[in-house]
Structures are given as C-alpha cells and as structure tokens.
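> Sharing a structure here in structure tokens format.
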Amino acid sequence: MEQQVAKQKDIAVKEIRREKIHVPKSMTTTEVMEKYGLKQKAAANARQKGFFVKNYSRPQVCIDPTKFDADVCYRIAGKVFKSNLSRDPVARSIRDDLIQEAVTSMWEKSGLLKESKKYNINYQYYFVARNYMNSYLTKWKRQMRYYELFEDIVNAIQMGRRRAYDPAIGWMYC
C-alpha cells in the first residue's frame, strides 16, 4: 500500500480548483480586468455580481491518492461497461479506451468525492465512470462520423467526380 501511495505521489498532475473571488464594488471594470486578468464582459459581470469563480470554465481536477485504489477503480469501470455499454458494437470495439478514460476520470475526481451516510466512495465512482464513458463514446461516434464524411469527399475528388450541391448536405462530389 505504501508503495502504491509513493508511486502515485510521483505522478505530477496539475490540480485545477475552483474558488469564489469577491470583487469590491468600488473598483472599475478596467481595474478588475487588470487585477484579475479577466476579459471586459467577464469583468463587468464580476463587478456587477460582486464575485467571480476562478477556473469556472475548466474541468475541475482535485486528486487525493489516499482515496484512489486502482484495482477497485478498474473493477468498477468493468462493471459500468458490462451493465451500460456491452451491447453497443462501437463501445465493444473501443472497450479498453473507455475503461482507461473512466479510471483516469476517477483519479482526477478522487479529491472531490466525499463519503457520506447515504453514498460511499465506490457508489460515487460508479457514476463518475458512467458519465465519462458515455461522454467519451458520444464524442468518439461524432468524430468518426466526420472522418467518414471527409474520406468520402477526398475519395470522390481523387477519382475525378463532378461537384454538385445538395441543400441538406451542401457541396458534394458524385
């Protein structure tokens, strides 16, 4: 166990935490922009509200190696895959990538999850894994659809086909 914790401490991942920063109403928008490095619209909104949230648009990464157990996380990711995605042929083809994405997300969220009376850490990891697997699979399918469309167009151009306009798709080669 001590070796695992020591090995995990060697892995350097930059933590990204959100924090609420209060802005005095007496400051002007330009002063807020200069002091906090915000854009004009964000500075005006922060001045009006009286605060802004640092790192709001970036995914939050908070790591706690004491709460992370790789064996348990891989087991949870396997269960998530089996119960939610095993019937999808695309998901089956990228199974290892989905499981690795889920375990990576559990590592990144290990410092944010807190055990409560109602939900233990493993239960929370289950939903972290499920959400990240589903989002990864959705992105993968969307990206592959664009690659296929692009390959069809390139093949048509290389074969010397003529160009035609389709209102639903746009310019295409046939």
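> Mind listing the phi-derived Karplus ³J(HN,Hα) values for the stretch 115-127, rounded to whole Hz, using 6.51, -1.76 and 1.60 with θ = phi - 60°, and x for any glycine or proline?
Along the stretch 115-127, the couplings run 6, 10, 5, 8, 10, 8, 5, 4, 4, 5, 4, 4, 6 Hz.
> Per residue, how much accessible surface does the stretch 30-162 expose to a 1.4 Å probe? Answer in Å², no decimals.
68
> Just how large is the dipole of the stretch 22-126 about the Cα centre, in debye to the nearest 20, putting +1 at every Lys and Arg Cβ and -1 at every Asp and Glu Cβ?
I would put it at about 520 debye.
> Okay, next question. Order 40-46, 84-90 from most to least packed using the mean count of other Cβ atoms within 10 Å.
Highest-to-lowest ranking by the protection proxy: 40-46, 84-90.
> On the full set of protein chains, 1.4 Å probe, figure out the accessible area of THR138 and give it in Å² to the nearest 10.
80
> Compute the FRET efficiency between GLU19 and ALA44 as 1/(1 + (r/R0)^6), taking r as their Cβ-Cβ distance and R0 = 22 Å, and round to the nearest 0.05.
0.60
> If you don't mind, there's one more thing I want to ask. Mind giving me the nanometre distance, one decimal, between the label points for GLU31 and VAL53, set 7 Å out from Cα along Cα→Cβ?
2.7
The values are calculated or read from the model by the stated rules, or taken from the named source; none is laboratory data. From a predicted model like this one, the values you see are computed outputs, not experimental measurements. For neighbour counting, all protein chains shown are included, and Cβ atoms are generated from backbone atoms with ideal geometry for every residue, glycine included. The protein model used for the area step is the full one, side chains on, heavy atoms only, and it has no ligands, DNA or RNA in it. Shrake-Rupley method; radii C 1.70, N 1.55, O 1.52, S 1.80 Å.
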